[in-house]
Structure formats: structure tokens, C-alpha cells
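Visitor: First the structure, which I've put down as C-alpha cells, then a few questions once you've had a look.
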Amino acid sequence: AHTGWVQAVAMLPGGARFVSGSYDETAKLWTLDGALERTFQVGGTVVCIAALPDGVHFVVGLGGEDSLNSGEVWLYHVDGTLVHTFKGHTNFVFAVAVTPDGQHIISGSNDDLVKVWSVASKSLVSTCTGHTNSVCTVAAMADGQRILSGGYDNTVRVWLLDGTLENTFSELHTHQVRALVALPDNQHALSGSVDKTVKLFNVNDGAVQRTFTHHADAVTSLALLPDGLRFVSGSADKTARIVEIGRL
């Protein structure tokens with residue numbers, strides 16, 4: 001049903017429905033059998049999507065050269081209601097994530113910034129300043145107190161929700177960091193890069209536990225399987241691969 005590139009998808013909790021976002025300036029709600037439930041007219045290129053844990057809300061990050069809404073984060077209810085528009089970024093929003101408790105939305109942008117938003121108060125909590133180039137991936141740790149960001153400056157950074165920079169890891173990758181996934185143990189994460197590798201690392205000190213070299217081109221996306229023991233990686237080598245993390 002999309003008429004442009006599909007840029008992002010996100011599963012809603014429960015595993016029965018998912019949302020897709022596209023260059024056609026819409027988001028669409030689907031059931032797993034392919035039935036289209038609803039189309040959301042966003043008015044901007046949907047670059048990224050994240051679902052809230054309540055199962056009935058999701059957020060989209062907007063971009064697009066000619067879009068008036070570029071740089072905004074929109075919070076939707078699945079019934080079609082636009083709950084709130086978060087404004088503050090000055091360029092494309094490349095990545096969004098939600099803390100496990102559903103209380104905070106994290107956004108990363110082409111303006112080199114990470115922002116933390118409150119779902120309850122619909123307000124800006126903090127702006128994380130430190131990246132020297134576009135932020136293209138964000139993730140929330142399991143405790144909901146720390147967040148991760150990665151970007152075109154080849155770094156992974158660890159922040160507190162109040163915007164305090166806790167750590168900068170510049171040795172993990174030699175090229176852009178395009179994907180991040182936090183592990184359930186609240187101590188480790190996975191990062192995927194244009195350098196063709198996925199790294200399993202400790203978020204407290206940046207120590208690399210394992211380097212995965214199963215792709216032949218840039219790693220552009222990562223997702224953790226529900227068992228917490230395997231992940232899926234997507235790559236510019238035109239493959240998606242299911243990989244065992246191994247013992248931590």
C-alpha cells in the first residue's frame with residue numbers, strides 16, 4: 001500500500017500488529033497477515049518508528065528535504081489520534097527509541113543531538129550534546145536510566161536521562177555506527193557499523209566481548225530476538241542474518 005520506500009517498521013507489543021513508515025509521508029498499521037488497519041497521514045518522510053510498551057502508542061521521527069515537519073517526533077495512538085508533536089530538532093530525525101517503562105522517548109538527529117522527551121508532560125527533558133556528526137541510532141538500556149547513541153562520528157556514547165555524558169567509546173568501530181541494541185542484562189549492548197562488523201560490548205567500560213564479521217558490507221540494522229540470546233542483523237550486502245550472541 002505504500003507508494004514510496006519503506007524506511008522503518010516496528011512491532012507493537014503482543015506481536016499481532018506492526019507499523020511501517022515510508023517516504024510516501026505515511027505510517028501504516030498492519031496485522032501480521034498483511035491486512036491494512038489504518039493509514040496515518042504524517043506530512044513528512046517517516047525515517048524511524050518505535051512502539052511504546054502499552055501496545056497502543058507509537059512514535060515516528062520525520063525527515064525530508066521539502067517537509068515542513070522535518071525534525072519533529074510525532075506520538076500517535078493506534079486509533080489514528082495524533083497525541084503530541086515534539087519539536088526541537090533542527091534537522092532530520094534519524095532514530096527514535098522508547099524507555100522500557102514507556103515514560104521517555106529518545107530521538108537522534110542529523111543536527112548531531114540526542115533529545116529526551118517526557119511522555120507524561122509532553123516536554124523536553126534534556127538535550128545530549130557531544131556527537132560531532134549526525135546521530136543515526138539510539139537505544140534505551142533495560143533500567144531506563146541510561147541511553148545509547150551512535151552516529152557518523154564513529155562513536156557510541158552512553159548518557160543519563162538528564163543529558164549527562166557518561167562514556168564515549170571511539171574505538172569500537174572505524175566507520176559510522178548505524179545500529180544499536182541494548183541487552184536485557186543492562187550491562188551489554190550490540191553495535192552495527194559501516195565497517196561491516198557487529199560488536200558486543202560492555203556499556204560500562206566499552207570492553208569488546210565479541211566481534212561478529214558475518215556481513216560483507218555495512219551493517220545497517222539490528223534487532224534482538226525475544227529469547228535475548230540471538231539477534232538479527234541487516235546489511236547492505238542484501239542479507240539478514242540470525243546470530244547467536246554466545247555466553248556473556
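Visitor: Considering L165, L183, L172, which residue is in contact (Cβ under 8 Å) with a residue 60 or more places away in the chain and in contact with a Gly (Cβ under 8 Å, 6 or more places away or on another chain)?
Guide: Of the residues listed, the single one that is in contact (Cβ under 8 Å) with a residue 60 or more places away in the chain and in contact with a Gly (Cβ under 8 Å, 6 or more places away or on another chain) is L183.
Visitor: Inside segment 195-220, can you point out the residues that are surrounded by fewer than 18 Cβ atoms within 10 Å (Cβ to Cβ) and among the β-branched types (V, I, T)?
Guide: V208, T211, T213
Visitor: Return the residues of segment 201-232 that are closer than 21 Å to D143 by Cβ and not in a loop (DSSP other than H, G, I, E, B); say none if nothing qualifies.
Guide: Residues satisfying the conditions are F201, N202, Q209, L222, A223, L224, F231.
Visitor: Oh, and also: Closer than 22 Å to V219 by Cα and touching a strand residue (DSSP E or B) at 6+ places or on another chain (Cβ under 7 Å): which single residue out of T127, T137 fits that description?
Guide: T137
Visitor: Could you check, for segment 63-78, whether at least one of its residues is in a loop (DSSP other than H, G, I, E, B), of a type in the set (G, A, S), at pLDDT 95 or above and in contact with a strand residue (DSSP E or B) (Cβ under 8 Å, 6 or more places away or on another chain)?
Guide: no
Visitor: Please go through segment 239-248 and pick out each residue that is farther than 24 Å from V47 by Cβ, open to solvent by 30 Å² or more (accessible area, probe 1.4 Å), part of a strand (DSSP E or B) and not charged (D, E, K, R).
Guide: Once the filter is applied, which keeps residues that are farther than 24 Å from V47 by Cβ, open to solvent by 30 Å² or more (accessible area, probe 1.4 Å), part of a strand (DSSP E or B) and not charged (D, E, K, R), segment 239-248 yields only I242.
Visitor: Just to be sure, is A236 touching a residue at least 40 places away in the same chain (Cβ under 8 Å), surrounded by 14 or more Cβ atoms within 10 Å (Cβ to Cβ) and closer than 14 Å to Q176 by Cα?
Guide: no
Visitor: Hey, N91 hits all of (1) over 18 Å from the mean Cα position of the chain (by Cα); (2) of a type in the set (S, T, N, Q); (3) outside any strand (DSSP E or B) but one; which does it fall short on?
Guide: (1)
Visitor: For segment 21-33, how many residues are open to solvent by less than 20 Å² (accessible area, probe 1.4 Å) and of a type outside the set (K, R)?
Guide: Matching residues across segment 21-33 total 5.
Visitor: Since L36 meets every condition but one in (1) surrounded by fewer than 14 Cβ atoms within 10 Å (Cβ to Cβ); (2) of a type in the set (A, V, I, L, M, F, W, C); (3) modelled with pLDDT under 95, which condition does it not meet?
Guide: (3)
Visitor: Just to check your reading of the model, which residue among V83, V46, V9 is assigned to a strand (DSSP E or B), in contact (Cβ under 8 Å) with a residue 40 or more places away in the chain and either aliphatic (A, V, I, L, M) or open to solvent by 20 Å² or more (accessible area, probe 1.4 Å) (or both)?
Guide: Answer to the check: V9.
Visitor: Between a residue in segment 56-79 that is of a type in the set (D, E, K, R) and any residue that is outside any loop (DSSP other than H, G, I, E, B), which pairs come within a Cβ distance under 6 Å, given they are 6 or more apart or on different chains?
Guide: Once the first residue is of a type in the set (D, E, K, R) and sits in segment 56-79, its partners that are outside any loop (DSSP other than H, G, I, E, B) give E72/L62; E72/T85.
Visitor: I'm trying to understand the selection: among the residues of segment 60-70, which are surrounded by 23 or more Cβ atoms within 10 Å (Cβ to Cβ) and either more than 22 Å from G144 (Cβ to Cβ) or in contact with a Ser or Thr (Cβ under 8 Å, 6 or more places away or on another chain) (or both)?
Guide: Within segment 60-70, G61, L62, G63 qualify.
Visitor: Next up: Which members of segment 221-233 meet the condition of being open to solvent by less than 30 Å² (accessible area, probe 1.4 Å) and touching an Asp or Glu at 6+ places or on another chain (Cβ under 7 Å)?
Guide: Passing the criteria: none in range.
The values are calculated or read from the model by the stated rules, or taken from the named source; none is laboratory data. Since the structure is predicted, the reported quantities are computational estimates derived from the model, not experimental observations. Don't worry about glycine lacking a Cβ; one is built from the backbone with ideal geometry, like all the others, and counts go over all protein chains shown. Side chains are part of the model used for accessible areas, which takes the heavy atoms of the whole protein and leaves out ligands, DNA and RNA. Shrake-Rupley method; radii C 1.70, N 1.55, O 1.52, S 1.80 Å.
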